[in-house]
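The values are calculated or read from the model by the stated rules, or taken from the named source; none is laboratory data. Everything quoted here is computed from the prediction, not taken from an experiment. No Cβ is skipped: glycine too gets one built from the backbone with ideal geometry, and neighbour counts run over all protein chains shown. Ligands, DNA and RNA are stripped out before the accessible areas are found, and what is left, the full protein with its side chains, is counted by its heavy atoms. Shrake-Rupley method; radii C 1.70, N 1.55, O 1.52, S 1.80 Å.
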Amino acid sequence: MAQILAPSTQWQMRISKSSPNATPITSNMWSSLLWKQNKKVSPTSSAKFRVLAIKSDNSTINRLEGLLNLDITPFTDKIIAEYIWIGGTGIDVRSKSRTISKPVEDPSELPKWNYDGSSTGQAPGDDSEVILYPQAIFKDPFRGGNNILVICDSYTPQGEPIPTNKRHRAAEIFSNPKVQAEVPWYGIEQEYTLLQTNVKWPLGWPVGGYPGPQGPYYCSAGADKSFGRDISDAHYKACLYAGINISGTNGEVMPGQWEYQVGPSVGIEAGDHIWASRYILERITEQAGVVLSLDPKPIEGDWNGAGCHTNYSTKSMREDGGFEVIKKAILNLSPRHKDHISAYGEGNERRLTGKHETASINTFSWGVANRGCSIRVGRNTKKNGKGYLEDRRPASNMNPYVVTSLLAETTLLWEPTLEL
């Protein structure tokens with residue numbers, strides 16, 4: 001699904017009428033969340049997309065913003081490629097920039113690159129070189145032009161995938177002929193929580209205190225109910241610019257919590273698009289001075305957790321008679337419940353309690369239109385006799401390569417055995 005500082009946490013933006021085109025998001029497009037009443041607000045320079053900012057030296061802002069918005073395409077064929085990879089925790093995103101001699105259209109045109117794995121928790125200090133293999137390209141919404149974001153996975157110098165490289169195994173599963181023939185589709189609902197920088201407490205919440213009970217916040221509007229809409233909208237547009245298959249967004253049940261959906265995506269593409277979207281969200285919250293949290297249960301007590309519900313279908317499920325195929329897939333998922341739970345995100349036991357629209361982490365269940373089950377099947381799917389299933393178990397910090405490939409493996413490749 002999805003301090004009170006409001007309304008002062010809302011950013012004041014002014015779009016220039018002189019230009020119909022969007023420009024890349026720059027670091028000075030965001031104002032501070034904590035407005036200081038004794039400082040005057042002065043506009044930035046004549047950028048196409050402007051935001052009122054609080055700075056002591058406006059001339060410095062003007063010079064930096066002018067350089068950040070430079071269009072280098074008339075002067076050079078060179079582009080900037082931001083190489084992005086997953087760090088040692090399995091959830092942190094890392095990146096660094098590289099100049100490429102000309103625009104590229106396919107990751108195979110990009111060189112491999114190395115990084116210091118001892119600084120990311122992925123290699124020992126005496127043998128720290130890890131190699132990045134470019135795998136997917138997206139347009140860079142921050143730098144614009146022909147510049148790109150590059151999703152990579154990580155290998156040893158000998159060409160072996162390192163332990164945190166979950167993409168490699170996922171690619172093997174998705175390249176299996178049985179899996180390819182079923183054209184697996186995924187729609188992933190990424191929930192996240194926005195936190196105030198210094199106190200690490202949800203955006204819009206009184207510092208050290210709580211807002212009113214859940215109820216008015218889900219898909220809400222209003223300064224007393226919706227906190228962080230500008231971040232959600234900026235992320236939405238940046239993902240569309242980048243070429244990510246983002247399909248929607250909404251405010252969530254807990255105030256300060258949001259969701260966006262990516263898909264339908266086929267196979268390994270689902271994981272690539274989620275990781276690219278997470279990187280963009282990290283960059284936007286960085287610029288806004290807000291902390292992004294993917295914790296499955298950021299606030300204990302009577303508050304909803306954060307999940308990453310994964311909608312899944314195969315070609316056979318989407319065709320006539322598909323509901324029977326869905327039920328067979330669920331039969332396969334049941335005995336492997338523990339295997340899936342162990343791979344569905346750290347700290348998920350704090351979220352899957354059987355409350356707040358979740359199933360118990362210890363019990364596998366499924367039902368039609370039941371959001372308290374492990375697997376939910378929509379009413380239209382049952383009515384039409386075909387469609388998809390929703391796995392509601394994955395946590396917000398799950399690795400999409402792991403979850404998507406495990407669903408395909410369990411439902412298409414794994415054969416249960418009867419023990420005598």
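Structural remarks
- Long-range amide H partners of Ala359 with built H, under 5 Å: Gly354
- Average 1/r across all pairs of distinct alpha carbons in region 305-383, invert it, and you get the Kirkwood radius: 13.4 Å.
- Two-decimal Rg to Rh for region 69-164 - Kirkwood Rh, Cα set: 1.02
- Accessible surface for Ile246 stands near 10 Å², nearest 10, in the context of the full protein assembly shown (1.4 Å probe).
- Debye log10 I(q)/I(0) for region 175-413, one point scatterer per Cα, at q = 0.07, 0.14, 0.17 Å⁻¹: -0.23, -0.90, -1.27
- Taking 0.36 nm per residue of separation and subtracting the Cα-Cα distance, full extension of the segment from Thr73 to Leu413 would add 117.6 nm.
- Region 329-420 - Rg and Dmax from Cα coordinates, angstrom: 13.3, 39
- Viscosity 0.890 mPa s, 25 °C: Kirkwood-radius Stokes-Einstein D of region 360-413 over Cα pairs, µm²/s: 200
- The label-point distance for Lys237 and Asp302, in a model that sets each label 7 Å from Cα toward Cβ, rounds to 3.9 nm.
- 3J(HN,Hα) along region 391-405: 8, 8, 7, x, 7, 4, 9, 5, 8, x, 5, 5, 5, 5, 6 Hz, from the Karplus curve 6.51 cos²θ - 1.76 cosθ + 1.60 with θ = phi - 60°, whole Hz, x for Gly and Pro.
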